[in-house]
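Here is the structure we will look at, set down as structure tokens.
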Amino acid sequence: MTQPPGQPPQGGFGAPQDQPPQGQPPQPQPPQGQPPQSPPPHPGFGAPQNPPPPPAQPPHAQPPNTPPQQPGYGFPQQPGPYAQPGPYGQQPGPYGYPPQPGGAAPYGPPPGGPYAQQPGPCGYPQQPYPGAPGTPPGSGGNGKKTAIIAGAVAAALLLVGGTVYAVTSGDSGGKKPVAHQSDDPKPTVTAPVDPGDGSGDGGSDTDDLNAGRKPGEAKVLWYKTAPDAPGSGADAPGMWITGSTAVKAAYKQVFAYRVADGTPAWAPITFPQKICAVTPDPADGKIVVGYMNGVSDRAKCNQLQQIDLGTGKKGWHREVPEGGLFDSALNVQLITSGNTLLVGRSQSGVAFDIRTGRTMYESKKYGEDCFPAGFTGGGGRLIQVASCGTGGSNEHDEVRQLDAATGKVKWTQKIKKGWRVQHAYSVNPLVIYLVNDDKKAWNISTLTDSGTFRSEVKVDEKFTTSCGWAVLSRALQGCQGAVVADDTLFLPTSKTTGPNEVVAVSLATGKEKWRVKSPTDESMTPIKAEGGKLVAYVHASYDTGGRVVAIPLSGSSHKPGTLLRNPSSTAEIEDTFFSSSIAWADGRFYLSSNRLTGNDDDKEKLMMAFGK
């Protein structure tokens, strides 16, 4: 549908326009002339942002913490009961929490969008609102872990912190892999592939995960057994892959392994308290880790430590200053943009120079009642979402772009009442996922570089993506499953029975360009685009290993070609990563856990690397 010049798009397949959701952004209603849609499933790789993550499920099932699956019009939707027009335009749009891999939201498309005066959140198409993002499809644990996972989830509910940001890494050069099966005719049995972590606490694991490898299957290059964690479980946020090193955070430590063989690249770094936040992307080869300042209920996530990924050396250390009343640092977000590190508190943000730790500026309340509620960034852009008029008749969200170096506002886009900006699937271009709680709808919209509405997803489908979650602020970043490339958005549909699909949606029109089915009955999740192809992960089942495939972006055929076929002998282990981060770099596939169960009787894996 088209919108009048200068006006935000009218609602799409999302939540209703008139009624704002209580405690959450209003939902768009279904497009006019169409019946409301039910919320899409919301599986994902991480825990939901708003509600704490639910118990893990087997990889072929939807991950815990994800709302019921329901059809939606755009980015993955979570299962939700709402269906109404979008927040931008007058037409109904699918505005609901975007579904995440492994789950879907329950909301349907409500009428009326969050951006404009017309129905629909910002003209975004509204879709059934499924709820908070869930874990990635296929990221569930097997039956044997159900009880353990339930305990871990219960513990997670007590945790406050943006610790489930899924982090992927880019390639570091080298020959691009070509889609084909392994030509290794005689797989060999190798020595144990966990050489230890270099901490001197017990040596290596004696399991040989390549013992049952078959011809044509990839190898387990190496794996890591999870470190000791409390019986209630612990977070293991972040994963960073450089040209030579794979770095992983877990509980109170940060580990580094050589990508070729998994041997320690540098000695583990141990913090006095548990890690509660990490930067999703490195800046100049460095990351920043946030950890708690104590163990009491009043402890804050306010200790920042810079780490060099190449050497493991610690850089500057800072303490996040206290905010005003109700501006909590119990849970913080760490966002990087250029040389700026933005630490998001519950109602404000503090910017530091990531190179030196010097304080640059604060992003605080503006106007009469607008408070920063979340940030995301990358590629030199810094995006802020503010909550305005909370509890009043003028309650609404606003999206703003800030100058990362100075904090000055470049533009502001008001979201229609009733719609809540829940996630950002991309920063360049800016693609956001909105929900309308009252209408139980969701919407996915694209904004221009100047902040005006460009398009909204017009695909009546249930999608699943995985995003982080936060209790006191919006978890806008870290969504896995949604990939943007060549002015196209790629989203995985929610799996019900049989294979799911990856749908290519034009960011110019919001319309579907093409779709392709998973080559197996397990869910397929986009990872990244490279070399004119979309790289995706096909999840493992209890007896079949996962695989990495490449989908041609151009031409008439988009049939997936296999890059790696993981061994069936380790399928059960691969299938137990119930909350995970995934990455593809230089022909290797990395899978790591975002949550440790803390079960001493189980040889839980922290990370696995597959290759030829």
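The values are calculated or read from the model by the stated rules, or taken from the named source; none is laboratory data. This is a predicted model, so every value here is computed, not measured. Here the Cβ positions follow ideal geometry from the backbone for every residue, glycine too, while neighbour counts run over all protein chains shown. The accessibility values were calculated without ligands, DNA or RNA, using every heavy atom of the protein model including side chains. Shrake-Rupley method; radii C 1.70, N 1.55, O 1.52, S 1.80 Å.
Things to note:
- Tally of residues being at pLDDT 90 or above, buried (at least 16 other Cβ atoms within 10 Å of the Cβ) and closer than 18 Å to Arg588 by Cα across the range 211-238: 9
- Selection within the range 552-577: residues that are farther than 19 Å from Leu209 by Cβ and outside any strand (DSSP E or B). The member of this set that is most open to solvent (accessible area, probe 1.4 Å) is Lys559.
- From the options Val549, Val503, residue that is surrounded by 24 or more Cβ atoms within 10 Å (Cβ to Cβ), touching a Ser or Thr at 6+ places or on another chain (Cβ under 8 Å) and in a strand (DSSP E or B): Val549
- Residue that is nearest to the chain's Cα centre (by Cα) [pool: residues in the range 244-260 that are more than 22 Å from Arg547 (Cα to Cα) and open to solvent by 40 Å² or more (accessible area, probe 1.4 Å)]: Tyr251
- Selected residue (criterion: most open to solvent (accessible area, probe 1.4 Å)) from residues of the range 383-408 that are under 22 Å from Met360 (Cβ atoms) and more than 26 Å from the chain's Cα centre (by Cα): Lys408
So that you can scan it fast, the table gives a plain yes or no per residue for (1) over 22 Å from Lys248 (Cβ atoms); (2) at pLDDT 95 or above:
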site: Ala508; (1), (2): yes, yes
site: Trp514; (1), (2): yes, yes
site: Gly546; (1), (2): no, yes
site: Ser554; (1), (2): yes, no
site: Ser569; (1), (2): yes, no
site: Asp575; (1), (2): no, no
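- In the set Asp369, Asp403, Asp353, Asp397, only one residue is modelled with pLDDT under 95, touching a strand residue (DSSP E or B) at 6+ places or on another chain (Cβ under 7 Å) and of a type in the set (Asp, Glu); that residue is Asp369.
- Residue within the range 422-436 that is among the polar types (S, T, N, Q), open to solvent by less than 10 Å² (accessible area, probe 1.4 Å) and closer than 26 Å to Val332 by Cβ present: yes
- Yes/no for Ile307 being touching an Asp or Glu at 6+ places or on another chain (Cβ under 9 Å), buried (at least 17 other Cβ atoms within 10 Å of the Cβ) and modelled with pLDDT of 95 or more: no
- Flag if Thr509 is in contact (Cβ under 8 Å) with a residue 40 or more places away in the chain and out of contact with any Asp or Glu (no Cβ under 8 Å at 6 or more places or on another chain): yes
- Pairs where the first residue, in the range 295-318, is without any contact (Cβ under 8 Å) to a residue 40 or more places away in the chain and the second is assigned to a loop (DSSP other than H, G, I, E, B) and among the hydroxyl-bearing types (Ser, Thr, Tyr), C-beta under 9 Å, 6+ apart: Lys300/Ser328
- Wholly enclosed strands (runs of 3 or more DSSP E) of the range 233-273 bearing at least 2 residues of a type in the set (Gly, Ala, Ser): 245-250, 264-270
- Selection within the range 428-459 - of a type outside the set (Lys, Arg) and outside any strand (DSSP E or B): Asn428, Pro429, Asp437, Asp438, Thr448, Asp449, Ser450, Gly451, Thr452, Val457, Val459
- Listing of strands (runs of 3 or more DSSP E) fully contained in the range 292-397 that carry 2 or more residues being farther than 18 Å from Gln422 by Cα and of a type outside the set (A, V, I, L, M, F, W, C): 303-308, 314-319, 333-337, 359-363
- Residue in the range 327-335 that is of a type in the set (D, E, K, R) and either surrounded by fewer than 16 Cβ atoms within 10 Å (Cβ to Cβ) or closer than 16 Å to Gln477 by Cα (or both) present: no
Residue by residue, here is whether (1) closer than 14 Å to Ala550 by Cα; (2) aliphatic (A, V, I, L, M); (3) open to solvent by 20 Å² or more (accessible area, probe 1.4 Å); (4) not in a loop (DSSP other than H, G, I, E, B) holds:
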| position | (1), (2), (3), (4) |
| --- | --- |
| Arg474 | no, no, no, no |
| Gln477 | no, no, no, no |
| Leu489 | no, yes, no, yes |
| Lys495 | no, no, yes, no |
| Lys513 | no, no, yes, yes |
| Glu522 | no, no, yes, no |
| Ala529 | yes, yes, yes, yes |
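- Any hit, the range 400-416, residues being within 25 Å of Asp460 (Cα to Cα) and touching a Phe, Trp or Tyr at 6+ places or on another chain (Cβ under 7 Å): yes
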